[in-house]
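Worksheet for the structure shown next.
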């Protein structure tokens, strides 16, 4: 038979062991709480990117709209109900997160735009494609990166889903604008409608910049310039695009790094002013050869003034680099 006997060990030792167990448990709980707090703290430390454009359907945009995962989810921006297109400085959004332990990357260039009706009642892709095709056909040297963002600043007509797009028209100077407006022509029933839309895109074009300071009077050489892709809205008013024309003479000082425009140059003519050439003068069956001096720069085929050795000024057509024909 098995006999059970009461435990008769030292009770103080037992109490001591139990106390150690209790302390260990307490330390374990404390460490767990500590690590939990650290984890929660770092989970609220994040990076938020402020974009330039947002499509919205609501009027009040909370912190979570911009990617914030912490609490409380406070309101950041309130959009007026009547506004289809609303813009505000990005600093307002950034300042709202000042005490949220987040890092802000501002990709908006300082202004954030909120747009309603981004899908344009299902016609956004159609209008976007028509705009892109038109832009590329008129400005084939421009490279559009990604897709342009198309928007409208007024409410769409209630029956807009029945509008059939016929064409789009670009304004003058559109080649040098990354954002702007264009006109879309629609047909609805037997009526024609036109509406203004707005675009925003990333677009570049190949241009030329000066590799060094270039002085006036110099004939431009290939080694003086460098080709590079630039944003279209950084182009000068009359940029040199495509191939550089031959025989360009610098008429205005050009600084290193400047994007080249046609207004910096004159074109060197085939024959220079004050150059002497042979001129043929015909009177009846008589042909007389004269030596004349050009009174202005000229290209072959130009009609210019020439002066004879006797000082008489006549009109002559340039036939070649060495010959002209006196006109009656």
How many residues of the stretch 283-310 are touching a residue at least 24 places away in the same chain (Cβ under 8 Å) and loosely packed, with under 12 Cβ neighbours inside 10 Å? The answer is 0
| message | I'd like to check something: does the stretch 99-116 contain any residue that is in contact (Cβ under 8 Å) with a residue 12 or more places away in the chain, in a loop (DSSP other than H, G, I, E, B), outside the structural domain of residue 58 (by TED's automatic domain parsing) and closer than 30 Å to residue 240 by Cα? | response | no
Exactly one of 255, 269, 273 is exposed (fewer than 14 other Cβ atoms within 10 Å of the Cβ) and closer than 30 Å to residue 307 by Cβ, and that residue is 273
Residue hits (the stretch 66-100; within 23 Å of residue 150 (Cβ to Cβ) and loosely packed, with under 12 Cβ neighbours inside 10 Å) are 80, 81, 82
If you go through 173, 146, 180, 110, the only one that is in contact with a strand residue (DSSP E or B) (Cβ under 7 Å, 6 or more places away or on another chain), surrounded by fewer than 14 Cβ atoms within 10 Å (Cβ to Cβ) and under 25 Å from residue 228 (Cα atoms) is 146
Across (1) surrounded by fewer than 13 Cβ atoms within 10 Å (Cβ to Cβ); (2) modelled with pLDDT under 90; (3) in a strand (DSSP E or B), residue 245 clears everything bar (3)
message: When you check residue 256 against the structure, is it outside any strand (DSSP E or B), modelled with pLDDT of 90 or more and farther than 30 Å from residue 180 by Cα, yes or no?
response: yes
Scanning the stretch 276-295 for residues that are modelled with pLDDT under 90 and not in a strand (DSSP E or B) gives 284, 285
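The values are calculated or read from the model by the stated rules, or taken from the named source; none is laboratory data. The model shown is predicted, which means the values in this text are computed figures rather than measured ones. Heads up, the Cβs are rebuilt from the backbone with ideal geometry, glycines too, and the neighbour counts pull from every protein chain shown.
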